[in-house]
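Data block below; observations after.
Only the coordinates and a few stated rules stand behind these numbers; no lab work does. Keep in mind that what you see is a predicted model, and the values were worked out from it rather than measured. Reconstructed Cβ throughout: ideal geometry from the backbone, glycine too, with neighbour counts over all protein chains shown.
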Amino acid sequence: MTHLTPDPIGKRRVGWALAAGGMLLVSTDSYFVRLGQAPGATMAFLMAVGSTLTLGIAAVISARSGAELRQRILLHPTALIVVALLSAATQLAFIVAVTRSSVSNVVVIVAGAPLMAAIAGALVLNERPRKPVQFAVALTTIGIAAVMSGSLGTPRLDGDLLAVGAIVCFALSIIGWRRYPTLDRPITLAAGSMVMAIGTAPLVDWSALDARAIIAGGIMGLVANPAGRMLYSSAPRYAPAAEVAVFAPVETVAATVWAWMAFAEVPTGRTIVGGLIVIASVVIATRGAPTLSRSASRG
């Protein structure tokens, strides 16, 4: 029998801290991509190689034996491949977008990812969003349109479109995680990073691999990105998903600040307005969300 039990406030705070910390770490991706001063595919390759090593080691350490590791891989093999491909596409689209548009534009668009996941859930899983979520989806669309309106007819537009592609792939990957909750996260994320490393290897500009690019890509791939993704993906174990989603705009705000401080990249008025709209929409979507979690027991 399935029961609904209130989440202890202490447990939920752990989830909030994991979500906030994870998004803060992920927000540094755009900073390291710009710091490396190499083409997007080159930085994506460096990040992918580092993430594959870190997440692969984490997967091996978490398994008590080789047999258990194989069992985790073979539990949902098709889902693992699909989600890994979507994860790779998400990361690649985001990194290349940062090199082709302003950081603030990209991260504001990416802030709409949780609400894009709500749309995908409704279409694929028949999960009817609550009315506040429906309103927030419409509001997010307006916010993203406000950001992209300033890029129409400029070289930034392709970067903005890549950012939209990133959140679509992210939303579809969330559907995979929801459909297969026992899918092993370190293994799947490591597989996604490996796919991205293989896919971007032929596109690497080896002449751009100087010490600056290698150090920036190494820190991003070995530490910041995998740590952020693991922290954020662990948050739903402690807090309701709707509350975890509130912290997605942490990346938007932090990444914009990093770009402003490090590269004097001042966000435009449209980007600021669009960012405020997107942040407001996520808050609206999660306010009043149920604070009950499911716990299974046999009766």
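The relative contact order of the stretch 7-289, computed from alpha carbon pairs under 8 Å that lie at least 6 residues apart in sequence, is 44 percent.
Computed from phi, the 3J(HN,Hα) profile of the stretch 87-104 under the Karplus parametrisation 6.51, -1.76, 1.60 (θ = phi - 60°) reads 4, 5, 5, 4, 5, 5, 4, 5, 5, 5, 4, 5, 7, 10, 9, 6, 4, 4 Hz, with x in place of Gly and Pro. Descending by average beta-carbon neighbour count within 10 Å, the peptides 179-185, 106-112 line up as 106-112, 179-185, the highest first.
How much length would be gained if the chain were fully extended between Ser65 and Trp206, taking 0.36 nm per residue of separation minus their Cα-Cα distance, in nm to one decimal? Intermediate values should be presented prior to the final figure.
Details: separation 141, 0.36 × 141 = 50.76 nm, distance 3.80 nm.
Contour length minus the Cα-Cα distance gives 47.0 nm.
What you get for the stretch 7-289, charging only the Cβ of Lys and Arg (+1) and of Asp and Glu (-1), is a dipole of about 760 debye around the Cα centre. If you take every residue apart from Val83 with its C-beta less than 15 Å away from the C-beta of Val83, what net charge results, scoring Lys and Arg +1 and Asp and Glu -1? Result for the local shell: +4.
Ranked highest first by the average count of other Cβ atoms within 10 Å around their residues, in what order do 212-225, 25-38 fall? Write down the numbers at each step before the final one.
Working: 212-225: 19.9, 25-38: 23.3.
Put in order of decreasing packing, that is 25-38, 212-225.
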